[in-house]
């Protein structure tokens, strides 16, 4: 035991230093008056991820819904709430990242004390502090897996291990596909020419397949609906970035890490590092600004808050720490030769290869293809959480044969006035066509457009009867469609009428089906929905 402790004394010291530093950062953030739970959460990301923890196999909202690994880990924690679990995961990921960064620095030839100093610089960096302050995201786990990939790459662990880590990265966040080009360099250690490219392609294949399964197989109707390259929105976003440089420049400086890293990048010793990782460093530095373009719309790009910019730069901090230590070597010489590569035994290579290949079946085996309605246009966490909860709850009740009735007087929820645990009373079932923020309305459910949609959740498609109680003034003709298929129509006046839909099970699918009301004549005519009754036949 003593010999083992002496052999790994540096790693143990780095682990203790990471635990102490991250715990100290956590204590700086402690506020006894702030308590988050499954109803009270700080931001949109938190609501999206908590919804995923509660139902890990169901999709929520793009793009957060594709980042499944962090919610799976939180859901697997025993006797931990969906909100509290993210605190534990973030703490553990940052501590583990500090340890892996120490091992990476030692692998790159830095001395023991400078490597410990780099570990503390990471743990006390502003992005680590902001990540602890807002733990409901996957970024700390991303950094942990990124460092694990870099450590395996620098240690010569082999393509099989790198392939497995790439798959875990693909399950965590799409930006972890960026290190995949490094597989070509790793493959050249074993082969040359076309064989090296073939080996690299085979190693990257599982991660790419998993990414494709998450986006094109799990929710095929949403594939391609993520915001693309709208050059007008990008131009406007660049204009906002340029005009707000006085706000984001101090944040991107990361407490002095970036200027010091620039000095280190000018040294000859940094050239091998920049040749391998230069593209990755630039991409990760641009990540907060690229994300600000992504979350915005084509009409109005959105800028992140300062905490978001700092938190998203967490991914690049390990590279900046390495460059800072290279700059430090100019006044405190400590860089030495890198240790020889680690040669894993053949059984470990075989195990990593089997796990990497088997990982391609993970989405197929664990994910439920419940077809989720597109919620990406709603930037309201309460609405997303209420919709994901209540659609699954409603679908389960209908599967048990319950008769459900939705009336406007029973569904009234006002933000900042109604209690958060009552979010189930929100009109989550109203979609487009009912007016601005119809889910928060407390008045009559009146159509505000020529067409208006109502959600019909369903687990097992079966014959269903839907009764729509309507009133209209002046009288108008109303047609009802289910998933685009016209089923019935009737004349509606101020005395009211019932539109009865006999929906065959063949017309429904497992997911959020859409019932559409279409009125004829003048768009300004008002049609009110006074009740919806759903009865499985």
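The values are calculated or read from the model by the stated rules, or taken from the named source; none is laboratory data. Fair warning: this is a prediction, and the values are worked out from it, not measured in the lab. Don't worry about glycine lacking a Cβ; one is built from the backbone with ideal geometry, like all the others, and counts go over all protein chains shown.
Would you call residue 124 modelled with pLDDT under 95 and either crowded, with 24+ Cβ neighbours inside 10 Å or on the phi < 0 side of the Ramachandran plot (or both)?
Taking the combined requirement at face value, the residue does not satisfy it.
Which condition from (1) more than 17 Å from residue 66 (Cα to Cα); (2) in contact (Cβ under 8 Å) with a residue 40 or more places away in the chain is the one that residue 397 breaks?
(2)
Can you give me the number of residues within the stretch 85-97 that are surrounded by fewer than 23 Cβ atoms within 10 Å (Cβ to Cβ) and under 14 Å from the mean Cα position of the chain (by Cα)?
0
So, in the stretch 60-84, exactly how many residues are crowded, with 17+ Cβ neighbours inside 10 Å, in a loop (DSSP other than H, G, I, E, B) and without any contact (Cβ under 8 Å) to a residue 60 or more places away in the chain?
2
If you take the residues in the stretch 309-348 that are assigned to a helix (DSSP H, G or I) and not assigned by TED's automatic domain parsing to the domain that holds residue 250, which one is surrounded by the most Cβ atoms within 10 Å (Cβ to Cβ)?
348
Return the pair list, or none, for Cβ contacts closer than 6 Å from residues in the stretch 404-422 that are more than 30 Å from residue 466 (Cα to Cα) to residues that are surrounded by fewer than 12 Cβ atoms within 10 Å (Cβ to Cβ), at least 6 apart or on different chains.
none
Can you tell which of 416, 393, 427 is within 12 Å of residue 457 (Cα to Cα) and assigned by TED's automatic domain parsing to the domain that holds residue 465?
Criteria check complete, one pass: 393.
What are the residues in the stretch 375-403 that are under 13 Å from residue 534 (Cβ atoms) and outside any helix (DSSP H, G or I), if any?
400, 401, 402, 403
Would you call residue 532 at negative phi, buried (at least 18 other Cβ atoms within 10 Å of the Cβ) and either in a strand (DSSP E or B) or at pLDDT below 95 (or both)?
Judged against the criteria, residue 532 is a match.
Surrounded by 14 or more Cβ atoms within 10 Å (Cβ to Cβ), assigned to a helix (DSSP H, G or I) and modelled with pLDDT of 90 or more: which single residue out of 233, 216, 200 fits that description? Talk me through it step by step, then tell me what you get.
On the way: 233 fails: modelled with pLDDT of 90 or more; 216 fails: surrounded by 14 or more Cβ atoms within 10 Å (Cβ to Cβ).
Residue meeting the stated conditions: 200.
If you check 171, 162, which single one turns out to be under 29 Å from the mean Cα position of the chain (by Cα) and closer than 21 Å to residue 278 by Cβ?
162
Any residue at all in the stretch 38-59 that's free of Cβ contacts under 8 Å to residues at least 24 places away in the same chain and surrounded by 21 or more Cβ atoms within 10 Å (Cβ to Cβ)?
yes
Looking at this structure, is residue 143 within 23 Å of residue 19 (Cα to Cα) and either in contact (Cβ under 8 Å) with a residue 24 or more places away in the chain or buried (at least 20 other Cβ atoms within 10 Å of the Cβ) (or both)?
yes
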